[in-house]
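Written below as structure tokens is the structure these notes are about.
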Amino acid sequence: MGHPDVMDKLVSLCKRRGYIFQSSEIYGGAGSVWDYGPLGVELKRNIKDLWWQAMVRSRDDVEGLDAAILMHPRVWEASGHVAGFVDPLVDCKTCKGRFRADKLEDARCLRKPSKHPGEFTDCQLTEPRQFNLMFKTFMGAVEESASAAYLRPETAQGIFVNFLNVQQAMRQQVPFGIAQIGKAFRNEITPGNFIFRTREFEQMEMQFFVEPETSMTWFEYWKTERLKWHQSLGLAPERLEYHQHTPEELAHYAKAAFDVQFDFGGTLGFQEIEGVHNRGDFDLSRHMECSGKKLEYFDQQKNRRYVPYVVETSVGADRVALALLVNGYREEDVAGEEEGRVVLGLHPTIAPVKAAIFPLTKKDGQPEMAHRIADDLRKVFPVDLDESGSIGKRYRRQDEIGTPFCVTVDGESIVDQTVTVRDRDTLRQDRVAVSALRAYLADRLANFS
Ligand code: GAP
């Protein structure tokens, strides 16, 4: 049996608990744009920090970059996005729906969601027309075609146009990479599935510049590395797989491509969370052609000048966040209780709150002690202090947001300076001296399995 569809439950949990809200909700919502609440922003930050650590800080052959979202409009002519970043679009004159012509089998008729567009005899689908997915705007005060600009649909182009700047400033030698994290925008025709496909999202991309003859070796290397990274976040290995692009699926720039896919459960099933592409010399050559500037590399040892090939790894921070939420969501029975519990089994490095501190009662110095403990732990990781409601309710709330440890201050704590630490997954409770608590939690967080 496949994994269940937990998307509706997650949307509700994310709103209720402060992970993710619909954008501009009080105005009825902006289509497929989402805001990250207090817990969501921590979750996404943890994902981005882990990616930056793995891709930039822990390597001496990858440099970081933060290029601007707005670029010279000719960048998008050179990259092929003005001419080729299009989806075929059809309208249905009967239900007024708008669909991707090449994905009708995935679309739902607006009148009857169990049917695909075109399945009713009175469906009136128009001929497909090409729709460019880039958001267009204007730079400066005059709204004319000469000042047209685009919100970037991928972060990659900021890296290509800075290839020589970074290589020369950092005295890097090929092979080396440039990585960046940033917003990208696509006017998707059929966005949806919560934060899976949105119009504004964040990409974490790395372009690795290599000698042309070595590109397939590096392609295999990065394919393996990137799958390992997803596993290290706690995504279940059986829910991850590769998908090789067929020649028909390959993007206009790609010589070879593999997706890392995650099984989102339900009818969505396995879907791309990351793409690894061998882009050849497509981008650098196009930018040389269009800008008239040389973007070549001179290998002094081999006395050879060439345009490097690029192996790209491109992953969506929002899609990884969704995969982690889906992967972690579970409902469990609790012995002796009518109501079960909902748990977000997030890996502690990903969890927004690492520990919650509860004074059992509001008297006998317990709140003061809980405050002191929280202040001390806050110096090293995010904690939550919760003083209200029954202890059971407080546990349930922390389970639902994925907090790995709950620390309870009780009457005994005041006497012997110890607290109870409860493990989210095993429910095991340890009695720990307050003086050893920071080290105890740091050790449990570091050695979590
Ligand atoms: N530079 C190559 C590139 O952009 P892509 O396969 O179009 O390749 C890479 O996108 C990743 O960006 C995807 O695997 C996905 O994680 C994320 N992504 C793309 N479009 C998205 C959207 N509309 N909403 C959320 N994430 C998206």
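None of the figures in this text is laboratory data; all of them are computed from the coordinates on show. Since this is a predicted model, take the numbers as computed values, not measurements. Please note: Cβ atoms are built from the backbone with ideal geometry, for glycine as well, and neighbour counts cover all protein chains shown.
The table below gives the values:
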quantity: Amide hydrogen neighbours beyond the local backbone of V409, cut-off 5 Å, H modeled; calculated: F358, L360
quantity: The chain - Rg over Rh from alpha carbon coordinates, Kirkwood radius; calculated: 1.03
quantity: FRET efficiency, 1/(1 + (r/R0)^6) with R0 22 Å, evaluated for A442 and D416 via beta carbons; calculated: 0.50
quantity: Cα-based shape type of the stretch 239-322, given that a ≥ b ≥ c are square roots of the gyration tensor eigenvalues and the cut on a/c is 1.5; calculated: prolate
quantity: Amide H contacts of I20 (H built 1.01 Å from N, under 5 Å, at least 5 apart or other chain); calculated: K15, G37
quantity: Check: the chain dipole with +1 on Lys, Arg Cβ and -1 on Asp, Glu Cβ, in debye; calculated: 660
quantity: Extension gain from D364 to E241, taking 0.36 nm per residue of separation minus the Cα-Cα distance; calculated: 38.8 nm
quantity: Computed magnitude of the charge dipole of the stretch 167-291 (debye, nearest 20; Cβ of K, R +1, Cβ of D, E -1); calculated: 320
quantity: Gain upon complete extension [R428, R57; 0.36 nm per residue less C-alpha separation]; calculated: 130.0 nm
quantity: Value of relative contact order over the chain, rounded to a whole percent, pairs C-alpha under 8 Å and six or more apart; calculated: 13
quantity: Loop GluC sites (Glu not before Pro), the stretch 1-103 (other Cβ atoms within 10 Å of the site Cβ: 11 or fewer; DSSP); calculated: none
quantity: Long-range amide H partners of F264 with built H, under 5 Å; calculated: G269, F270, Q271
quantity: The stretch 87-218 - charge dipole about Cα centre, Lys and Arg +1 at Cβ, Asp and Glu -1, debye rounded to 20; calculated: 560
quantity: Top of L110, L13, L65 by mean-square fluctuation, Gaussian network on the chain, Cα under 10 Å; calculated: L110
quantity: Max mean-square fluctuation residue, GNM over the chain, Cα-Cα springs under 10 Å, options V11, V334, V210; calculated: V334
quantity: All lysines inside 17 Å of K136 as judged from Cα atoms, apart from same-chain residues fewer than 8 positions distant; calculated: K183
quantity: Distance-filtered residues of the stretch 431-449 - backbone nitrogen under 19 Å, label point 7 angstrom along D376 Cα→Cβ; calculated: 431-446
quantity: Inter-label distance, nm, simple model (7 Å from Cα along the C-beta direction), Q301/E332; calculated: 5.3
quantity: Lysines with Cα under 25 Å of K363, excluding same-chain neighbours fewer than 8 positions away; calculated: K393
quantity: Karplus-derived HN-Hα couplings along the stretch 94-107 (A = 6.51, B = -1.76, C = 1.60, θ = phi - 60°), whole Hz, x at Gly and Pro; calculated: 7, 9, 6, x, 10, 9, 7, 4, 8, 10, 4, 5, 9, 8
quantity: Per-residue HN-Hα couplings for the stretch 303-308 [Karplus 6.51, -1.76, 1.60; θ = phi - 60°; Hz; x = Gly/Pro]; calculated: 6, 9, 10, 7, 8, x
quantity: Farthest positive-ward along the chain dipole, Cα basis, beta-carbon charges - from A83, G2, A141; calculated: A141
quantity: Dipole-positive endmost among P191, I391, L441 within the chain (Cβ charges, Cα centre); calculated: P191
quantity: Highest-MSF residue in the chain out of L325, L427, L235 [GNM, Cα springs under 10 Å]; calculated: L427
quantity: Per-residue ³J(HN,Hα) for the stretch 139-147, Karplus 6.51 cos²θ - 1.76 cosθ + 1.60, θ = phi - 60°, Hz, x for Gly and Pro; calculated: 9, x, 7, 9, 8, 9, 4, 5, 9
quantity: Under 14 Å from K15, Cα to Cα: aspartates and glutamates that are on another chain or at least 8 residues apart; calculated: E25, D35, E400
